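What follows is a single structure, and I will ask about it in a moment.
The values are calculated or read from the model by the stated rules, or taken from the named source; none is laboratory data. Note that the structure is predicted; figures quoted are calculated from it, not measured. Glycine gets a Cβ as well: all are built from the backbone with ideal geometry, and neighbour counts include every protein chain shown.
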């Protein structure tokens with residue numbers, strides 16, 4: 001059951017095509033609302049698909065598309081995308097914009 005919580009958001013993104021580089025660039029009409037922030041535990045990082053999954057309150061998982069412009073940091077230090085898997089299991093705060101093509105991460109701050 002737990003693996004379904006992680007796999008379902010990933011499958012939704014794949015079906016929507018949100019993991020392709022072209023789809024990760026939101027157009028003006030793609031945004032569904034203002035930028036939001038979510039905090040939780042990093043449960044999955046797929047650097048090839050540029051995908052981050054964070055488990056928020058009550059065990060709900062959220063998927064985020066990472067773009068070239070996504071700022072990733074830990075303790076004020078820049079973290080490269082290929083270094084992000086080493087932070088799996090740590091707490092993070094993700095600033096993102098909800099779009100029709102997925103949640104586009106603007107910034108990821110690893111806090112724990």
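I'd like the full set of residues that are part of a loop (DSSP other than H, G, I, E, B), over 12 Å from residue 93 (Cβ atoms) and touching a strand residue (DSSP E or B) at 6+ places or on another chain (Cβ under 9 Å), limited to the stretch 36-65.
Taking the stretch 36-65 as the starting set, the residues that turn out to be part of a loop (DSSP other than H, G, I, E, B) are 47-50, 56, 60.
Narrowing the set further to residues that are over 12 Å from residue 93 (Cβ atoms) leaves 47-50, 60.
Answer for the stretch 36-65, where residues must be part of a loop (DSSP other than H, G, I, E, B), over 12 Å from residue 93 (Cβ atoms) and touching a strand residue (DSSP E or B) at 6+ places or on another chain (Cβ under 9 Å): 47, 49, 50, 60.
Output yes when any residue across the stretch 76-92 is surrounded by 12 or more Cβ atoms within 10 Å (Cβ to Cβ) and in contact (Cβ under 8 Å) with a residue 60 or more places away in the chain, and no when none is.
No, the conditions are met nowhere in the stretch 76-92.
Can you name every residue in the stretch 71-100 that is at pLDDT below 95 and either outside any loop (DSSP other than H, G, I, E, B) or touching a helix residue (DSSP H, G or I) at 6+ places or on another chain (Cβ under 6 Å) (or both)?
Our first condition is that a residue be at pLDDT below 95; within the stretch 71-100, this holds for 75-76, 99-100.
Of everything in the stretch 71-100, just one residue is at pLDDT below 95 and either outside any loop (DSSP other than H, G, I, E, B) or touching a helix residue (DSSP H, G or I) at 6+ places or on another chain (Cβ under 6 Å) (or both), namely 99.
Next question, about the same structure. Test residue 33 against the criterion of being over 14 Å from residue 112 (Cα atoms) and either in contact with a strand residue (DSSP E or B) (Cβ under 6 Å, 6 or more places away or on another chain) or assigned to a strand (DSSP E or B) (or both), and give yes or no.
Details: over 14 Å from residue 112 (Cα atoms): yes; either in contact with a strand residue (DSSP E or B) (Cβ under 6 Å, 6 or more places away or on another chain) or assigned to a strand (DSSP E or B) (or both): yes.
Answer is yes for this residue.
Kindly establish whether residue 16 is more than 23 Å from residue 86 (Cα to Cα), in contact with a strand residue (DSSP E or B) (Cβ under 7 Å, 6 or more places away or on another chain) and at pLDDT below 85.
Judged against the criteria, residue 16 is a match.
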